[in-house]
Each structure stands twice: as C-alpha cells, then as structure tokens.
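Have a look at the structure below before the remarks.
The values are calculated or read from the model by the stated rules, or taken from the named source; none is laboratory data. Nothing here was measured: the structure is a model prediction, and the numbers come from that model. A quick note on method: Cβ atoms are made from the backbone with ideal geometry, for glycine too, and the neighbour counts reach across all protein chains shown. Side chains are part of the model used for accessible areas, which takes the heavy atoms of the whole protein and leaves out ligands, DNA and RNA. Shrake-Rupley method; radii C 1.70, N 1.55, O 1.52, S 1.80 Å.
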Number of protein chains: 2
Amino acid sequence: MREQGERADAAKNRARVLAAAAELFRDRPAETVTMEDIARAAGVGKGTLYRRYPSREAIAVALLDDHERALQEQLIAGPPPLGPGAPPAERLATFYRAVTDLLEQHGHLALAGETGARRFGTGAYGFWRAHVGSLLTAAGIAEGRAALVDLLLAPLAPELYRYQRDAGLSSRQIADGLTVLAERVLA
Amino acid sequence: MREQGERADAAKNRARVLAAAAELFRDRPAETVTMEDIARAAGVGKGTLYRRYPSREAIAVALLDDHERALQEQLIAGPPPLGPGAPPAERLATFYRAVTDLLEQHGHLALAGETGARRFGTGAYGFWRAHVGSLLTAAGIAEGRAALVDLLLAPLAPELYRYQRDAGLSSRQIADGLTVLAERVLA
DNA sequence: GGAATAGGTGGACGTCGCGTCCAGTTATAA
DNA sequence: TTATAACTGGACGCGACGTCCACCTATTCC
C-alpha cells in the first residue's frame with residue numbers, strides 16, 4: 001500500500017503493527033500505550049517496530065493519514081460548500097464542522113500523534129494552512145493575514161476539543177461555536 | 001512568602017529551588033530540564049524537591065504565578081481598555097496583546113508548565129475564561145457562547161505562539177492578527 | 001535449482017528520568 | 001534540655017526508551 005519495493009513479510013508486519021496500534025489506541029489513553037505494548041500486541045520485536053516507526057506519534061499519524069487525505073480531497077475538488085464554489089465564510093464553517101467530525105471519530109488518534117507543538121509539523125496542518133489562507137484571500141482579508149491563518153486553526157487543537165467534550169459540551173455545541181466564529185471573521 | 005508555618009530552612013530552600021529553576025528554564029528548552037537537574041542546581045536533594053513540587057510543571061506554574069496575577073488585577077480593576085470601561089472588542093484586543101507580551105517575556109515558563117491539555121487546568125485559564133465570557137455577554141453574543149469562550153482562548157496557546165515566532169512572525173504581527181480577530185468577532 | 005545478498009527480524013541490553021522511601025538531621029515547642 | 005514534628009538528601013527500584021547485532025528469509029541472478 002505504501003512501498004512497492006517492500007518485501008511480503010515486511011508488508012504483513014506493517015499491517016499487523018497498524019492494526020494492533022489502532023486497537024490499543026482505541027482501548028486506552030494514548031500516553032499509556034508504550035512501543036513495547038504495540039510490538040507485543042503485533043507479535044513483532046521492538047527492533048522491527050522501530051525500523052518503520054520511530055515513535056508512537058508516527059504510528060498514530062500513519063493511522064490518521066487516510067481520514068485526513070479524504071478530507072483534503074473534498075476541500076480541493078469536492079462539492080460546495082466544503083469544496084470550491086461557496087462563499088468563504090460558509091466554506092470555513094463547513095471545514096470547521098468537518099474537522100470537528102474527524103476529531104469526534106478519531107480524536108484519540110489525534111491526541112496520540114498530533115499533540116502540542118508536533119501538530120504544526122504534520123502535513124495535514126500545512127494543508128489546512130493553505131486552505132484557510134486561500135479563504136482569507138477570497139474574503140478580501142489582507143490585514144494580519146499571516147498570523148490569522150494559524151489563529152483560526154488554533155481552535156481545532158485536539159486537546160481543546162477533548163477538553164470541551166469532557167467539560168460537557170456536545171459536538172454540536174462546539175461546531176456551532178466554530179460556525180459563529182467563521183461567520184463573524186469572514187464577515 | 002507562601003506558608004507562614006514554614007520553617008526557616010525550608011523557606012530558604014524553596015527560594016533556592018525557584019531561583020535555580022528559573023535560571024535553568026531560561027537557559028535551555030523546558031523538556032530537557034529534569035527534576036534532578038533542578039535539585040542539583042539548587043543544592044538540594046530530590047526528596048526535598050519532590051516534597052514541595054510534584055513535577056517540573058508545578059515549578060514553572062509557581063514561577064509564572066506572579067506575572068499572571070498582575071495581569072488578572074489589571075483586568076479586574078486596572079484602567080481601560082484593559083480594565084473595565086472600554087467597549088468589549090477593544091478590551092478583548094487589549095487582553096490579547098497583554099497575553100502576547102506575557103508570552104513574549106515568559107513563554108519559556110509557559111511552555112514548561114502550561115503545555116497541551118494541562119493548560120486548561122490552571123487557575124489562570126479559569127480566570128481568562130471568566131473574563132472572555134463576560135466580554136461576550138457585554139457584546140451581546142449569546143449564540144454558541146459556551147464553546148466560543150474556549151475557542152477565543154485557543155489562539156493564546158503557548159505552543160502556537162512559539163511556533164509562529166519561530167516561523168518568522170514578529171510579536172507585533174501576531175498581536176495585530178489577534179486584534180483583527182477580536183474586532184471582527186466582537187463586532 | 002542453488003548460491004549470493006539485500007533487507008528484515010527480535011529480543012537482550014544499556015541508559016535515563018521518575019518518584020519513593022527512610023534514616024539521619026535540625027528547627028521549634030514544652 | 002528534652003521531646004516532637006518537620007525537613008532533608010541520596011540510594012534505590014521501576015519502567016520506558018531506543019540501539020545493536022547475530023540470525024533469518026525473500027528475492028535476484030546465474
């Protein structure tokens with residue numbers, strides 16, 4: 001699926017690692033899952049595990065990848081308002097909602113892999129930056145643009161979503177708040 | 001300074017610990033400073049250190065405390081636009097700028113202590129929540145209020161500030177972006 | 001089909017930071 | 001001065017990390 005030069009046995013082990021990690025991350029808090037746990041659950045040695053994934057975070061990012069890529073395609077070429085064709089404010093609100101859904105479904109993976117400052121280094125973040133940047137331009141907002149892009153992505157931090165959900169807010173309430181934000185900022 | 005029942009030698013050691021930690025945090029990245037480093041630099045044993053501070057984070061929070069309290073007083077009783085009396089949008093923008101300044105000066109401490117999800121548990125965060133909540137009310141924004149409070153505080157995450165600064169944005173640019181945000185959201 | 005080889009495998013091992021524990025010490029009260 | 005409570009500091013056990021390397025196995029080339 002990723003490397004074609006990959007040997008058959010290696011590919012099988014990669015799949016087992018990902019499957020085992022997915023299950024572990026589903027079952028318990030990310031920070032309690034050790035590399036050794038994943039190796040054992042996958043029936044693989046630590047050396048093998050480290051050969052491919054240098055850290056727990058890298059595994060979580062690999063698991064998230066598919067879901068994030070699907071969203072990226074929608075943003076580029078999907079139907080409006082997620083894809084091109086709708087007014088910027090509406091597109092931003094829809095984007096917010098889509099990420100919210102993603103966090104609701106796969107938040108545990110995001111918390112395992114894209115926490116804190118690491119988040120800014122991922123490919124997904126770069127893509128989202130470009131997306132929001134283009135929406136700002138489309139809305140005719142030039143002032144403070146460079147900083148605004150990141151400021152508008154900050155509310156999507158996985159930790160924040162988790163905190164708000166734990167504080168009793170529903171997924172709907174959070175998405176609604178983000179909608180208000182989107183509409184007011186992109187006027 | 002904190003406990004009056006504290007023995008003289010204990011108080012001296014507390015001061016030494018805080019001074020040593022402040023210096024270490026200033027000199028190198030927070031995550032490379034170990035509890036053992038702090039103990040050694042303070043000329044104190046690990047047991048003594050742990051007696052007062054359960055973690056590196058707790059020490060950083062203690063060091064930040066003074067600065068944050070000063071801001072809190074300004075917000076409650078200081079002159080406008082930071083304190084009461086100015087229109088909500090202006091007060092939010094000023095608040096944003098004040099926190100930005102704080103991050104510029106003491107960001108290393110914030111990164112050492114109030115990173116990720118831990119941030120939401122601090123007293124300062126609770127206070128800021130209340131502040132922004134009251135500004136939302138004053139601005140007549142009821143829709144999505146519960147979630148909006150946290151969403152408007154998200155851009156102040158220490159990791160984000162550091163990331164933006166490292167990406168080449170000036171403190172000024174970030175503050176300007178925040179000002180645009182404040183003015184647009186609180187109309 | 002059989003060697004050669006590049007790549008894959010796994011677990012033992014060294015290292016490091018954490019946090020505890022407790023025997024000895026010192027301030028404070030009686 | 002003695003009794004007591006609080007404080008001190010370093011030795012220690014633990015757990016996770018990440019490396020290393022001797023041993024396999026799929027693949028390639030003749």
* Asked: How big is the A/B interface in buried accessible area, both sides summed, 1.4 Å probe, to the nearest 100 Å²?
  -> 2600
* Roll a 1.4 Å probe over the protein chains and send me the accessible area per residue for the protein assembly as shown in Å². => 47
* Structure fact -> In whole Hz, the Karplus estimates of ³J(HN,Hα) for segment A:81-97 (6.51, -1.76, 1.60; θ = phi - 60°; x where Gly or Pro) are x, 6, x, x, x, 9, x, x, 4, 5, 5, 5, 4, 5, 4, 3, 5
* **Radius 11 Å from Cβ of B:TYR96, net charge of other residues (Lys, Arg +1; Asp, Glu -1)** => -2
* Structure fact -> With A:GLN105 itself left out, Lys, Arg at +1 and Asp, Glu at -1 over residues whose Cβ is under 14 Å from its Cβ give 0
* For A:ARG51, inter-copy label distances in nm, listed shortest first [label point 7 Å out on the Cα-Cβ vector] -> 5.2
* Give the nm distances, rounded to one decimal, from B:PRO87 to the matching residue in every other copy, measuring between label points 7 Å along Cα toward the beta carbon; shortest first. => 2.2
* **Exposure rank, largest accessible area first [B:PHE25, B:PHE120, A:PHE127; 1.4 Å]** => A:PHE127, B:PHE120, B:PHE25
* Structure fact -> With bins of 10 Å, the percent of all Cα-Cα pairs of segment A:74-187 per bin from 0 is 14, 47, 35, 5
* Structure fact -> Measure of exposure for B:GLU183: accessible area at 1.4 Å probe, Å² rounded to 10, is 100
* Asked: For B:SER134, what is the net charge nearby, where nearby means another residue's Cβ is under 13 Å from its Cβ and Lys, Arg count +1, Asp, Glu -1?
  -> +3
* Structure fact -> Note, segment B:128-137: 3J(HN,Hα) by Karplus (6.51, -1.76, 1.60, θ = phi - 60°), whole Hz, Gly/Pro = x, goes 4, 4, 4, 4, 5, x, 5, 5, 4, 4
* Compute the relative contact order of segment B:8-52 as a whole-number percentage, counting only Cα pairs closer than 8 Å that sit 6 or more residues apart in sequence. => 42
* Asked: Under a 5 Å amide H to amide H cut-off, with H placed in plane at 1.01 Å, what residues pair with A:ALA139 once short-range neighbours are removed?
  -> none
* Structure fact -> For segment B:8-52, the accessible surface attributable to carbon and sulfur atoms (probe 1.4 angstrom, ligands and nucleic acids excluded) amounts in percent to 50
* **Accessible surface of segment B:127-177 [probe 1.4 Å, protein heavy atoms]: carbon and sulfur percent** => 49
* Taking accessible area as the heavy-atom solvent-accessible surface of the protein chains with a 1.4 Å probe, which residues of segment B:133-161 lose no less than 20 Å² upon going from the isolated chain to the full protein assembly? -> B:ILE141, B:GLU143, B:GLY144, B:ALA146, B:ALA147, B:LEU148, B:ASP150, B:LEU151, B:ALA154, B:PRO155, B:GLU159, B:LEU160
* To do: Evaluate Rg over Rh across the protein assembly as shown, taking Cα atoms for both radii and Kirkwood's formula for Rh.
  => 1.00
